[in-house]
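Comments concern the structure below.
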Amino acid sequence: MARKTWRALFAFVATMFVSAGANAAADVKVLPHAPKGEVVWYVSDHTLPMIAMSVAIPAGSAYDPQGKFGLASFTASLLDEGAGTLNAQAFQTALSNRAIRLSVSPGRDYLVITLVSLTDNAKDAFQLLGLALSHPRFDQDAIQRVRAQMLSALEQEDEDPPTVAAKAFYKAFFHDHPYGHPVSGDAASINAINQADLKAFAAQHWTRGDLRIAVSGDVDPATLTTLLNSAFGHLSAHAAAPAPWPTHVGSPGIQTIPMPVPQPTVVFGLPGLMRSDKDFIPGFVANYIVGGGGFSSRLTDELRVKRGLTYDVDTSLTTYRRAGIMAGDFATKAASVQDAIGVVRDTLKDFADNGPTEKELADAKTYLTGSFPISFSSNVGIVGVLNGFQQVGLPIDYIQKRNSLIEAVTVADVKRAAARIYNPRAMTIVIAGTPEAAKPAKPSAPTDSHARRH
Amino acid sequence: MCFAAALIATAGSAAPSNAQDAKIFQFALQNGMQVLVVPDHRAPVVTQMLWYRVGAVDDTPGVGGLAHFFEHMMFRGTPSLPGEGFSQTVARNGGTDNAFTTHDFTAFYVQIAKDRLKLVMSLDADRMANLDLSDANVHTERDVVLEERRMRIDNDPQSLMREQMEAALHLSHPYGRPVIGWAEEIRHIGRVEAQDFYQRHYAPNNCILVVAGDVTPPEVKAAAEAEFGKVPARPVAVRWDFAQPPRMAETRMTIARQDVKVPLFMRIYRVASYTEAKPGEAEALETLSQLMGGDATSALYRELVVKRKLASDAGASYEGYARDAGEFDVYAVPRPGVRLDVLEHNVDDVMQSFTKAHPHAADLERAKTQLVADSIYRRDSQYAMASAYGQALVIGLTADDVTEWPDRIRAVSGEQVQRVAVEDLIKREAVTAYLVPAAGQH
């Protein structure tokens with residue numbers, strides 16, 4: 001219900017490797033004279049009278065101080081709540097009058113800001129963003145309003161098994177590391193945050209020292225340079241260091257959080273691979289085969305197609321700046337939770353022990369390479385993919401090399417990566433909901449008068 | 001494989017997209033299949049959507065959820081491509097696919113490299129004519145749908161509330177039945193029902209093909225004739241013309257549940273859809289919903305959230321793309337300690353301001369600017385463009401209705417907005433609901 005979609009803040013989205021990769025149609029260039037040395041990739045396409053930009057600022061929840069969890073998210077949510085001489089209503093009216101779409105998505109490492117504007121209003125759009133970043137007001141009235149929204153959203157999150165499970169999983173997996181607490185904080189910490197905290201966070205973290213910027217649309221390089229200068233030129237050159245490295249990750253075993261719902265959600269995960277790991281691409285292919293590939297994945301086949309145990313199961317290989325993680329989730333009725341977890345364990349173990357078949361690898365390659373251009377079919381899509389690459393530190397020529405890197409992967413490579421990742425005994429598993437104890441094999445369900453069993 | 005009923009009020013107006021400068025092309029195949037092409041040459045990919053004129057309103061009585069269930073079965077194989085072969089073949093060719101079902105229609109789509117379009121057409125033509133429903137997978141799929149229902153509805157008190165409200169709002173009209181079906185009726189679905197449904201509804205003359213992307217109309221025509229043209233036309237079931245009985249009083253409900261943490265006020269009005277509306281009426285409702293609750297500058301948000309500090313969120317939306325009645329909803333989430341009856345009184349107060357006077361000129365202009373911009377931003381997405389035209393055609397509107405939509409929005413006057421606020425948003429045509437935590441918390 002909430003207008004600001006808090007729910008998106010803690011999903012496995014942070015810097016997920018975008019499943020799209022290579023010979024993109026779009027002609028992506030590095031902006032030659034970025035105002036202050038920022039990394040700017042852009043695509044000039046004048047087909048539509050619009051510009052999209054996605055910018056990542058190292059201002060995510062990993063920088064939340066102790067006792068002030070949710071501060072990064074709180075600050076981000078105030079981005080459109082007043083700047084300079086414009087109070088919240090005046091600022092939002094200025095955006096709305098021009099149909100400027102400004103959205104924020106705070107993750108663990110980065111705050112990602114997306115700006116979409118018609119060409120005619122681009123100058124105003126970038127200026128308004130610049131004003132918001134450099135002269136935020138943090139009026140008490142706006143703070144109290146956003147605080148109420150965040151608290152309400154936190155309560156709604158408590159109703160939602162996937163969210164409850166995801167939060168508990170991050171806590172169990174990262175312990176007291178800054179990645180362990182929810183991006184959205186908790187009620188006590190949100191109540192503890194005051195205006196001075198918000199101002200200090202923005203001053204320290206809304207800076208231009210480590211910006212990653214992707215732009216696509218109706219703009220030429222010279223104009224873009226001017227626009228970017230108006231958005232980011234007034235920020236300090238400071239750059240926040242990444243979070244510290246975690247000392248240990250994972251809590252092998254099952255943790256249950258009881259909830260009065262008919263269908264518990266199960267989240268399971270293991271240490272993944274850093275983006276710089278030589279096995280990352282084989283691991284990425286392995287993830288597609290075991291759980292990333294919809295109806296082509298082993299987990300979907302085992303849980304959904306063969307057994308009807310879930311509507312959706314999938315896994316992802318996510319990379320943060322200081323950790324890699326393999327995580328998956330599914331939801332099933334209370335009576336099936338134990339069975340389904342067993343199927344997941346068996347499926348992962350088999351894959352780790354035996355690797356993929358030649359056919360599975362070939363199919364994974366044709367999907368992963370062939371689908372890459374789909375992500376480049378819109379301005380908004382392009383900036384999302386490019387910014388994802390920028391966040392994990394990939395060079396621009398990765399866009400051209402990606403498909404050949406995937407093509408080069410062998411069965412042995414995937415098997416090696418799978419053996420490193422999928423260790424069912426080490427799995428951290430969180431159940432949100434109340435599973436029923438495993439039952440002996442169930443007699444066939446009562447049939448109805450319409451259907452014959454086969 | 002989802003169903004797309006308007007379950008929660010998060011979405012803003014589902015405005016149609018337009019394409020003032022985008023050119024579209026329409027033609028029909030010999031077998032009666034309608035085709036619409038939206039060229040977009042920015043990337044070498046295409047989006048193919050097939051819109052069948054069958055949805056949950058066509059569910060057999062007592063077997064609610066059949067249309068949605070059948071959408072799932074369309075992915076479960078033919079003799080030449082058994083099992084999960086459809087999605088697997090699409091994936092192997094670098095494509096992605098899915099489908100969704102509403103009360104009025106069922107849509108299937110694929111996004112893929114442009115040189116695979118003909119392949120995708122051959123797959124879709126194959127499952128249009130040769131679906132194999134003979135094996136036991138009907139029962140497994142039923143379990144999958146029950147899990148889908150638990151995930152989308154039973155686990156989510158707001159969705160459960162919306163389901164109850166719809167059931168009350170539409171009286172005997174099948175818009176009151178959930179698209180996914182009631183659990184006990186989902187359990188009634190069997191192979192016979194599915195086979196019968198397929199025979200009665202799935203034919204080339206009962207669907208619309210929309211292709212958006214890096215293609216030319218002659219290419220699409222040749223490929224469609226070659227693939228879909230092979231499937232002969234045949235008689236399909238006539239759709240019932242369901243009564244929309246007059247409502248004589250507002251329906252009110254309070255739903256108290258243990259799983260609720262955040263209370264919610266919501267009201268849904270049964271209003272004219274684009275297909276039922278007088279000229280300009282639906283566009284005025286669209287504009288009214290934007291003014292009343294479209295974004296943080298809208299009246300409900302400004303008054304209830306910003307000024308009166310009674311709500312943490314508030315909004316409105318209009319869903320006008322329907323063969324029969326449309327829906328206009330308003331909602332508000334109370335701040336802690338604010339009673340829902342107080343909140344409702346304040347919502348009514350804000351709504352009444354629209355019945356007493358024309359909206360402020362600057363507000364009206366801003367609302368229209370936002371709606372028209374939506375239609376430009378939508379052109380950035382092949383999927384959004386194909387959806388805009390597909391959803392219009394499948395409910396009986398024309399491509400011109402989509403193309404001319406921005407101009408019709410621009411033409412909406414303050415007087416028209418006031419008139420629909422007075423004439424369309426009437427309590428007799430509404431269901432009002434309170435969602436509250438169970439057990440003495442209220």
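The values are calculated or read from the model by the stated rules, or taken from the named source; none is laboratory data. These numbers come from a predicted model, not from an experiment. Positions of Cβ are backbone-derived with ideal geometry, glycine not excepted, and every protein chain shown enters the neighbour counts.
Quick notes on this one:
One line per residue, one yes/no per condition, for (1) within 25 Å of B:Asp348 (Cα to Cα); (2) in contact with a Pro (Cβ under 8 Å, 6 or more places away or on another chain):
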{"position": "B:Gly213", "(1), (2)": "no, yes"}
{"position": "B:Pro217", "(1), (2)": "no, yes"}
{"position": "B:Glu227", "(1), (2)": "no, no"}
{"position": "B:Ala243", "(1), (2)": "no, no"}
{"position": "B:Glu250", "(1), (2)": "yes, no"}
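- Residues of the stretch B:91-141 that are closer than 30 Å to B:Pro178 by Cα, in a strand (DSSP E or B) and of a type outside the set (Asp, Glu): B:Thr96, B:Asn98, B:Ala99, B:Phe100, B:Thr101, B:Thr106, B:Ala107, B:Phe108, B:Tyr109, B:Val110, B:Gln111.
- Neighbours by Cβ (under 9 Å, 6+ apart or cross-chain): first from the stretch A:119-130, in the same structural domain as A:Leu102 (by TED's automatic domain parsing); second outside any helix (DSSP H, G or I) and of a type in the set (Lys, Arg): A:Asp120/A:Arg98; A:Asn121/A:Arg98; A:Asp124/A:Arg98; A:Ala125/A:Arg98; A:Ala125/A:Arg101; A:Leu128/A:Arg98
- Annotation note: Cβ proximity below 6 Å between a residue of the stretch A:297-308 that is facing chain B (nearest Cβ under 8 Å) and a residue that is hydrophobic (A, V, I, L, M, F, W, C) and assigned to a helix (DSSP H, G or I) (sequence gap 6+ or interchain) occurs for A:Arg304/B:Val144; A:Gly308/B:Val144.
- A:Pro182 meets the conditions (1) crowded, with 21+ Cβ neighbours inside 10 Å; (2) at pLDDT 95 or above; (3) within 14 Å of chain B (Cβ to nearest Cβ) in every case but one. The failed one is (3).
- Test: A:Pro162 is modelled with pLDDT of 95 or more, part of a helix (DSSP H, G or I) and of a type outside the set (A, V, I, L, M): yes
- Residue match in the stretch B:193-208 (condition: crowded, with 20+ Cβ neighbours inside 10 Å and in a strand (DSSP E or B)): yes
- Restricting attention to the stretch A:361-376, the residues that are within 7 Å of another protein chain (Cβ to nearest Cβ) and free of Cβ contacts under 8 Å to residues at least 60 places away in the same chain add up to 2.
- Matching residues, the stretch A:242-275, being of a type in the set (S, T, N, Q) and modelled with pLDDT of 95 or more: A:Ser251, A:Gln255, A:Thr256, A:Gln263, A:Thr265
- Selected residue [within 11 Å of chain A (Cβ to nearest Cβ) and over 20 Å from the mean Cα position of the chain (by Cα)] from B:Ala203, B:Ala183: B:Ala183
- Residue check for A:Val116: within 12 Å of another protein chain (Cβ to nearest Cβ), part of a strand (DSSP E or B) and buried (at least 19 other Cβ atoms within 10 Å of the Cβ): yes
- Of the candidates A:Thr310, A:Thr300, the single residue that is in contact with a helix residue (DSSP H, G or I) (Cβ under 7 Å, 6 or more places away or on another chain), surrounded by 18 or more Cβ atoms within 10 Å (Cβ to Cβ), of a type in the set (S, T, N, Q) and in a loop (DSSP other than H, G, I, E, B) is A:Thr310.
- Against the numbered list (1) within 17 Å of the chain's Cα centre (by Cα); (2) within 20 Å of A:Gly384 (Cα to Cα), A:Ser117 comes up short only at (1).
Condition check ((1) crowded, with 19+ Cβ neighbours inside 10 Å; (2) more than 8 Å from chain A (Cβ to nearest Cβ); (3) within 25 Å of B:Tyr434 (Cα to Cα)) across all residues:
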{"position": "B:Glu276", "(1), (2), (3)": "no, yes, no"}
{"position": "B:Ser289", "(1), (2), (3)": "yes, yes, yes"}
{"position": "B:Gly294", "(1), (2), (3)": "yes, yes, yes"}
{"position": "B:Ala314", "(1), (2), (3)": "yes, yes, yes"}
{"position": "B:Arg335", "(1), (2), (3)": "yes, no, yes"}
{"position": "B:Val342", "(1), (2), (3)": "no, yes, yes"}
{"position": "B:Leu371", "(1), (2), (3)": "yes, yes, no"}
{"position": "B:Arg378", "(1), (2), (3)": "yes, yes, no"}
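- The set of residues in the stretch A:313-356 being buried (at least 24 other Cβ atoms within 10 Å of the Cβ), under 22 Å from B:Arg152 (Cβ atoms) and either aromatic (Phe, Trp, Tyr) or in contact with a Pro (Cβ under 6 Å, 6 or more places away or on another chain) (or both) consists of A:Phe330, A:Val337.
- Subset of the stretch B:53-89 [within 25 Å of the chain's Cα centre (by Cα) and closer than 20 Å to A:Thr366 by Cβ]: B:Phe75, B:Phe86, B:Ser87
- Pairing residues of the stretch B:112-140 that are facing another protein chain (nearest Cβ under 8 Å) and farther than 17 Å from B:Val210 by Cα with residues that are basic (Lys, Arg) and in a helix (DSSP H, G or I), at Cβ distances under 8 Å and at least 6 apart in sequence or on separate chains, gives B:Val138/B:Arg191; B:Thr140/A:Lys306.
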